[in-house]
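Some notes on the structure that comes next.
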Amino acid sequence: MRIFISLLLTLPLLAEPRHLKNLKQLTHGGQNAEAYWAPDGKRIIFQSTRDNLQCDQIFVMNADGSNQKMVSTGKGRTTCPYFLPDNKHIVYASTHEGGDACPASPDRSKGYVWAVYPTYDIYLATDDGKIQKKLTDTTGYDAEATINWKTKKIVYTSLSTGDLDMWTMNLDGSGKTRITTGAGYDGGAFFSRDGKKLIWRANHPTGADKDRYLALLKDNLTSPMKMEIIIADANGGNAKQITNYGCASFAPSFTPDGRKIIFASNKHNCDGRKFELFLMNLDGSGLEQVTDYGGFSSFPEFSPDGKTLVFASDKDSKSRYEFNIFTAEWVK
């Protein structure tokens, strides 16, 4: 899902943060986001709106940014790509079976909202773009899939039971299991590398906020501006909220050793457009700001060897809605 892009403005840029060294910009122009590593660390998969595309399609490139090529159908809207553990297949969500054209943008008269398109389903494809199987086939939104390469489990978000809950399934789409049941949005999940923990973003509203959430959901919309970070066991048990900022905190993932979480947030100004990367302990303590670029930085993920961070940012952008993929060496 394209996150917060229409909210953002390019702001003044500051020095390279101390955790990041040898920053490299891999894409140049367009809207590029949600970049994730291949298991061998040699390639990156990401979503992009560029050139003549009207909405996101899925691309693969080498880890140095070379050989960028589209691997989705070029039809509909796509999101949330991820490599399978064999390094030869990918999953991503797409609306292409619902129509060749990009689905309509959400109605912003209802405020800043995301569209949870009911024609999104998750597909398994080869890494050069040949679709092998449709992994979800229920009424309503199915997207936001990531994979634990060790346990070979997919976690994803689905509206199949009438609420935006998280599910797991096997790589072939079998064994679908609902792992969250509370009213509200749960999504954007990542496993720890050992497959024992999950981290995700959530919005579990109450009172009038819950009424609005349910009303928006009837129109296949949801509001992302109050998201907190949740940690739990891989089956959804022992779930615990570890942020309480009342802001938009999202895109959490684990450090390679599983001892910390890196995520994006506008916690310094909940109504603002500045999203930076932060680091914290598993209980939410020890908060440390990682980036200070002054605009939008998000979707961080560590390389398989743990030495390099990939993320999306509007750093050094030449136009208002330009977002690019960066890598940087991680300095502990």
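Tabulated data for the structure shown
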| quantity | calculated |
| --- | --- |
| Filter result for Asp107 (charged (D, E, K, R) and either in contact with a Lys or Arg (Cβ under 9 Å, 6 or more places away or on another chain) or in contact (Cβ under 8 Å) with a residue 60 or more places away in the chain (or both)) | yes |
| Residue tally, condition among the hydrophobic types (A, V, I, L, M, F, W, C) and outside any strand (DSSP E or B), over the stretch 79-93 | 1 |
| Cβ-Cβ under 6 Å pairs, at least 6 apart or on other chains, the stretch 118-144 side surrounded by 17 or more Cβ atoms within 10 Å (Cβ to Cβ), far side aliphatic (A, V, I, L, M) and in a loop (DSSP other than H, G, I, E, B) | Ile122/Leu135; Leu124/Leu135; Gly140/Leu159; Tyr141/Val116; Tyr141/Leu159 |
| Those strands (runs of 3 or more DSSP E) lying entirely in the stretch 290-332 with at least 1 residues among the β-branched types (Val, Ile, Thr), under 22 Å from Ser249 (Cα atoms) and within 16 Å of the chain's Cα centre (by Cα) | 308-313, 324-330 |
| Residues (within 27 Å of Lys153 (Cβ to Cβ) and either of a type in the set (Lys, Arg) or exposed (fewer than 15 other Cβ atoms within 10 Å of the Cβ) (or both)) located in the stretch 52-84 | Arg77 |
| Residue within the stretch 138-145 that is at pLDDT 95 or above, under 22 Å from Gly76 (Cα atoms) and among the charged types (D, E, K, R) present | yes |
| Residue check, Lys75 without any contact (Cβ under 8 Å) to a residue 40 or more places away in the chain and assigned to a loop (DSSP other than H, G, I, E, B) | yes |
| Segments classed as strands (runs of 3 or more DSSP E), wholly inside the stretch 167-286, with at least 2 members that are small (Gly, Ala, Ser) and closer than 24 Å to Val91 by Cβ | 185-191, 249-254 |
| Of residues in the stretch 59-72 being free of Cβ contacts under 8 Å to residues at least 60 places away in the same chain and closer than 26 Å to Tyr141 by Cβ, the one nearest to the chain's Cα centre (by Cα) | Phe59 |
| Subset of the stretch 292-332 [touching a Pro at 6+ places or on another chain (Cβ under 7 Å) and modelled with pLDDT under 95] | Asp292, Gly294 |
| Residue ID - modelled with the lowest pLDDT, chosen from residues in the stretch 89-135 that are polar (S, T, N, Q) and either in contact with a strand residue (DSSP E or B) (Cβ under 9 Å, 6 or more places away or on another chain) or within 19 Å of Ser72 (Cβ to Cβ) (or both) | Ser105 |
| Matching entry among Gly74, Gly65 (being touching a helix residue (DSSP H, G or I) at 6+ places or on another chain (Cβ under 9 Å) and modelled with pLDDT of 95 or more) | Gly74 |
| Qualifying residue in the stretch 273-283 (condition: aliphatic (A, V, I, L, M), out of contact with any Asp or Glu (no Cβ under 8 Å at 6 or more places or on another chain), surrounded by 21 or more Cβ atoms within 10 Å (Cβ to Cβ) and farther than 16 Å from Ile230 by Cβ) | yes |
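The values are calculated or read from the model by the stated rules, or taken from the named source; none is laboratory data. Given the structure is predicted, the values throughout are model-derived calculations rather than measurements. Glycine gets a Cβ as well: all are built from the backbone with ideal geometry, and neighbour counts include every protein chain shown.
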